[in-house]
Structure formats: C-alpha cells, structure tokens
Amino acid sequence: AASAQFQLTVPIAVVFVPGSVPEDLPGPLPFRDVQEMEISVNLRTSTTSRYQTVYRSTTAEEEAALDVATAQEADAALHLLQDAPLGALTVYVLPETSSLLPQGISVYVGKHRSALVRAGGGLAALRVRLRQLTQVMSFTASSIAAALSDRVPDGQLGPDARRHLKSSLGYEITFSLLNPDPKSHAVDWDIEGAVNRYVQPILDKLSLVANFSVDSQILYYAVLGVTPRFDKESSSFLLSAHSLPHVINPVEARLGSSAASLYPVLNFLLYVPERSHSPLYIQDQDGAPVSTNAFHSPRWGGIMIYNVEAPAYAKASLPLDVDVDMVRVMEVFLAQLRLLFGLSREELPPEFLLESPGDEGLADWELDRLLWAHTVENIATVSTTLTSLAQLLDKIGNIVIKDDVASEVYQAVASAQSAMAQLATGNLLSAFQASKEAVTSSERAFFDPSLLHLLYFPDDQKFAIYIPLFLPMAVPILLSLAKIVREARQRTKEPTKLD
C-alpha cells in the first residue's frame, strides 16, 4: 500500500472559571498553544496528533450554566451554549473548592463534548489532565493502530485491534430467536418493541457513520451443535469457553443472512435451550459461570442463552409459554453492539467520573472516537484499493480504461486528499464525509465490469486458443502457396519458344 502521513488535529478549548486560573500562565488570557505527538504505525504510514488549545475565561452565560448543584445539570446547561463541532473538546477548569464534582473526583466527562476538571497544581499539572482527557474523549494510539490494522505488523497490535468491525458504508443487524424444542417451549419475544426502544436511539446516533438495516427471525429446531456437559453438583448443563467457537458454525448455517448481503452482518442470537439440556450455563476460562450467560464473537455478533425456570415445567402442560424479558436481553445485546464497534469503556483512573450516555446509548465524544478511527481507516482503504487497481493495470498492457472509470479514480484521489486536508484542519465531519465519498468512488472503479482481468488474455493464452483453430486451415493454404511458387519458378526457367 502507498505511504500515508496522517495529521489529526483536535481543537480544544480550556475555559477557566473565576478562581481557577493557575499562576504560572505564560501570558494573559486568552492565548493559544499547540502540542504534537507522533504515532508511528509502520515505515510508510505515520500519524501526527496535533492538539490546538485555546485558553480563555468563562463568558457570563457559561458562569450561569455552571452555577448549578450537580455536574449532570452543568453538562446539560453547557451543551445548550456550545456550538462545538464534531471532534472538538471543551474543558472547564473549576476552582479546587468547587462542590460541583463529588468528593474524590477530579475529572467529570459529560455525555456531550465537554468535561469538568478540578484545578490543582500549575499549568503542567493541567496539561497532564488534558492529555488524559484526550486519551478518553478523542482517539488514542491504539484506536488509530486498530483502524490501520491491515498495515500494522501483528506483533504491534493490542488484543482488541481485530475485534472491531471494519469500516463500511452500511451494516445489517439480525436478531434471531433460536427455539430448538418447540414441543416444550412456545417462546414469545417483543423484538419490534425492544428494537424501537433500545436499539433505534443508538442507530439514529450512528446514522452519521453508516446506514443500518434491522431484521429479526425465529428459527425452530436450530441446535447449537455442541453437546453441553452435565454437572452433577449444580444439576445443570455447562458450555466451556473452549467449546464456544464450535457453536457458531452450525448455527450460522441456519441463519442464511450474510450470503446475500452487500454489507457486514451483525448477528445477535437468543437461544432457549431444549428441555433436556436445561438449565444451560456458559463457563469462562477459569470455570466460573458467566454472569450474563452470553458471549460475543469478534466481527460476527453475539449469542445469549435464555434459560426457562425449572419449576415452571412441573406446573404447566407442554408446550410451556415463555415470555422473554427483553430488558435483560437488550442490555446484553447493546453491550455486545458497543464492543463490536470498539465503543467499550476502558479502565480509567479512580478520580475520573464518566457520565452514562442515557437513552441515546452513545455519548457525543464516543461518536467522535468512532469517526476519527473510521476516517483514517477509509483513507487507508482507498489508498490500498487504488494501489491494487494500478498494479492490475500495469500487468495488463492492452486494458481499456473507460472515461467513467477514470473519472471515478480521479474523484477517489481528490476526495481522499480532501479528507486528509480536513483532518489536518480539525474538521472531523467534513473529513469523514469526504473519506466515505472516496471509498465509494474507489470501489466503483475497482469493481467496474470493464476492468475484469479475465476479459483480457495474455498473448501466450491467445496463441494457445487460436493455433488449434487456424493450423488445420493453414496447412492446405501453405501447400497451395508452395505449389504456386514452384510452378512460377519452373516457368521462368523454361526458354521461350521463338517462331
């Protein structure tokens, strides 16, 4: 793949509340400061993260917004005042005595694009806090390395780098209920209501990233394909961690959704075990039961096992009516969805407090993190696609490149360059949209039917095809030509008779 030098610029505003201004500032407020960090990916790909910080005092409106009882109220009030673009961060520095932050908490990360920080120490201590905040609320070296995982040697990648879904223009989400024993269980689940209530708000937020389609299905007589082990002590059946990978293939054969899909498919399966294998529990590596009774498979989806309470069998006639508790199920599936998109929350220092994203299921800064990673990944994908296309065209000398294909290539290059330029100026939204256009154009060019290399045969193949056809016809023609030449020579040798 071609070399790429990314420069990711994060605009940061540091706003001092009266009584919080450090004494060792280099000059009067407001002033600007730029700090750069190099993230080395490989010899041909490097990333520079550039933090453009503006230090200023609060406005009267911001002071009023901060004059509330709790950090949550302050976050909501400040959000109404802010016009922060995607990817930008605003950090409010509070006096040490401020009661807005709970006891023992120095940093509060809101659910939008701002954070509250308790002042303490001088400018150097504040800069350390800012660096910690950008690691939480913006991209990190590991998130960029994961986005460029195709270019990074395996040894340098963290364990989670290949867990996340690759960037795509669309995703299909399929919820499947597996009922292997319909004679014993009549299972009812309100999947439509649950999707509208719990999944749709997240997808609305993610609609900026890609298009999503959601469908659901119920599969009868679909078994896991792995026989669980009976445990006498707990009189239950157990699936051990090492047998979980073998569960997916037999189930996937029944799903049948990914074969016809243009986009990556995320599968979320709810499995109600048959009566003869109930209750069924998943064990982790150490043999302890998994609290959620679910597991996820990187870039594929997740499976949750939903047990029917044993006493229920004694009371009722079969099939037993099972009404699925969708709140419990959706909690697990949404956590797995976040994991698949790389939105899982990392371990933080104890003095950090992160606000829950609430009904939206996704904080604004988490959306930004996703956009940084996907923009970089899209540009790298375009670079790889166009390099592959150039290599193909080099191999086939007589290939015909139509005008519309050429214009798609030019469009892809222009959009990728535009995305790089927008990243360097800190316009995350424009950069992401340009990177999506670049991907669309490069794929249109690469998969254009006129560039199918099977349409263009190498010369040796042409000879191999045509010689058997022309040789039998050529033999009599060549013999006739030889005969004509011989007769012509004899005619020239014979002396002309004179009368």
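The values are calculated or read from the model by the stated rules, or taken from the named source; none is laboratory data. What you see is a predicted model, and the numbers here were worked out from it, not measured in a lab. Positions of Cβ are generated from backbone atoms using ideal geometry, with glycine treated the same way; all protein chains shown enter the neighbour counts. Surface areas here come from the heavy atoms of the whole protein model, side chains and all, with no ligands, DNA or RNA. Shrake-Rupley method; radii C 1.70, N 1.55, O 1.52, S 1.80 Å.
If you go through region 385-419 and keep only what is within 20 Å of GLN7 (Cβ to Cβ) and hydroxyl-bearing (Ser, Thr, Tyr), you end up with SER415, SER418. In region 206-248, the residue that is surrounded by the fewest Cβ atoms within 10 Å (Cβ to Cβ) out of those that are under 23 Å from the mean Cα position of the chain (by Cα) and over 30 Å from ALA363 (Cβ atoms) is PRO245.
Report yes if PRO11 is over 30 Å from LEU429 (Cα atoms) and either in the same structural domain as VAL136 (by the TED database) or in contact with a Cys (Cβ under 7 Å, 6 or more places away or on another chain) (or both), otherwise no. Criteria not met by PRO11.
Pairing each residue of region 114-139 that is in the same structural domain as ALA373 (by the TED database) with any residue that is among the acidic types (Asp, Glu) and open to solvent by 10 Å² or more (accessible area, probe 1.4 Å), provided the two are 6+ apart or on different chains, yields no C-beta distance under 9 Å. Residue count for region 1-31 under the criterion of being surrounded by 17 or more Cβ atoms within 10 Å (Cβ to Cβ) and closer than 21 Å to PHE432 by Cα: the result is 8.
Quick grid of which residues meet (1) among the charged types (D, E, K, R); (2) more than 23 Å from the chain's Cα centre (by Cα):
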position	(1), (2)
LEU334	no, no
LEU339	no, no
GLY342	no, no
ARG345	yes, no
PRO349	no, yes
LEU354	no, no
ALA390	no, yes
LYS395	yes, yes
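Screening TYR313, TYR306 for residues that are of a type in the set (Phe, Trp, Tyr) and at pLDDT 80 or above leaves exactly one candidate, TYR306.
Residue-by-condition table, conditions (1) crowded, with 16+ Cβ neighbours inside 10 Å; (2) closer than 30 Å to ASP394 by Cα; (3) touching a residue at least 40 places away in the same chain (Cβ under 8 Å):
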| residue | (1), (2), (3) |
| --- | --- |
| MET420 | yes, yes, yes |
| LEU428 | yes, no, yes |
| SER435 | yes, yes, yes |
| SER442 | yes, yes, yes |
| PHE447 | no, yes, no |
| PRO476 | no, no, no |
| LEU481 | no, no, no |
| ILE484 | no, no, no |
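If you go through region 65-95 and keep only what is in contact (Cβ under 8 Å) with a residue 60 or more places away in the chain and either basic (Lys, Arg) or more than 21 Å from PHE31 (Cβ to Cβ) (or both), you end up with ALA71, GLN72, ASP75, PRO85, LEU86, GLY87.
The residue pairs whose first member lies in region 49-64 and is open to solvent by less than 60 Å² (accessible area, probe 1.4 Å), whose second member is of a type in the set (Ser, Thr, Tyr) and in a strand (DSSP E or B), and whose beta carbons are closer than 7 Å, counting only pairs six or more residues apart or on different chains, are ARG50/THR9. Which residues, counting only those in region 377-401, are of a type in the set (D, E, K, R), in contact (Cβ under 8 Å) with a residue 12 or more places away in the chain and exposed (fewer than 12 other Cβ atoms within 10 Å of the Cβ)? Answer for region 377-401, where residues must be of a type in the set (D, E, K, R), in contact (Cβ under 8 Å) with a residue 12 or more places away in the chain and exposed (fewer than 12 other Cβ atoms within 10 Å of the Cβ): just LYS395. Just so you know, in region 378-434 the residues that are in a helix (DSSP H, G or I) and touching a His at 6+ places or on another chain (Cβ under 7 Å) include one that is nearest to GLN52 (Cα to Cα), and it is PHE432.
Yes or no, residue by residue, for (1) assigned to a helix (DSSP H, G or I); (2) modelled with pLDDT under 90; (3) under 24 Å from GLU346 (Cβ atoms):
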position: SER40; (1), (2), (3): no, yes, yes
position: GLU61; (1), (2), (3): yes, no, no
position: VAL91; (1), (2), (3): no, no, yes
position: SER99; (1), (2), (3): no, yes, no
position: GLN103; (1), (2), (3): no, yes, yes
position: LEU116; (1), (2), (3): no, no, yes
position: ALA124; (1), (2), (3): yes, yes, no
position: VAL136; (1), (2), (3): yes, yes, yes
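For region 93-135, a residue qualifies if it is among the hydrophobic types (A, V, I, L, M, F, W, C) and surrounded by fewer than 19 Cβ atoms within 10 Å (Cβ to Cβ), and the qualifying residues are ILE105, LEU123, ALA124, ALA125, VAL128. Inspection of region 70-92 identifies at least one residue that is among the β-branched types (Val, Ile, Thr) and open to solvent by 20 Å² or more (accessible area, probe 1.4 Å). Annotation note: of VAL332, VAL308, the sole residue that is over 18 Å from ALA194 (Cβ atoms), among the hydrophobic types (A, V, I, L, M, F, W, C), in contact (Cβ under 8 Å) with a residue 24 or more places away in the chain and in contact with a Ser or Thr (Cβ under 7 Å, 6 or more places away or on another chain) is VAL308.
Does region 212-223 contain any residue that is assigned by the TED database to the domain that holds ALA288, part of a loop (DSSP other than H, G, I, E, B) and more than 24 Å from GLN283 (Cβ to Cβ)? Checking region 212-223: at least one residue is assigned by the TED database to the domain that holds ALA288, part of a loop (DSSP other than H, G, I, E, B) and more than 24 Å from GLN283 (Cβ to Cβ).
Every residue, every condition in (1) modelled with pLDDT of 90 or more; (2) more than 27 Å from MET330 (Cα to Cα); (3) part of a loop (DSSP other than H, G, I, E, B), yes or no:
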| position | (1), (2), (3) |
| --- | --- |
| PHE139 | no, yes, yes |
| ALA145 | no, yes, no |
| ARG151 | no, yes, yes |
| GLY155 | no, yes, no |
| ASP160 | no, no, yes |
| HIS164 | no, no, yes |
| GLU172 | yes, no, no |
| LEU177 | yes, no, no |
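The set of residues in region 184-207 that are at pLDDT 90 or above and part of a loop (DSSP other than H, G, I, E, B) comprises TRP189, ASP190, SER207.
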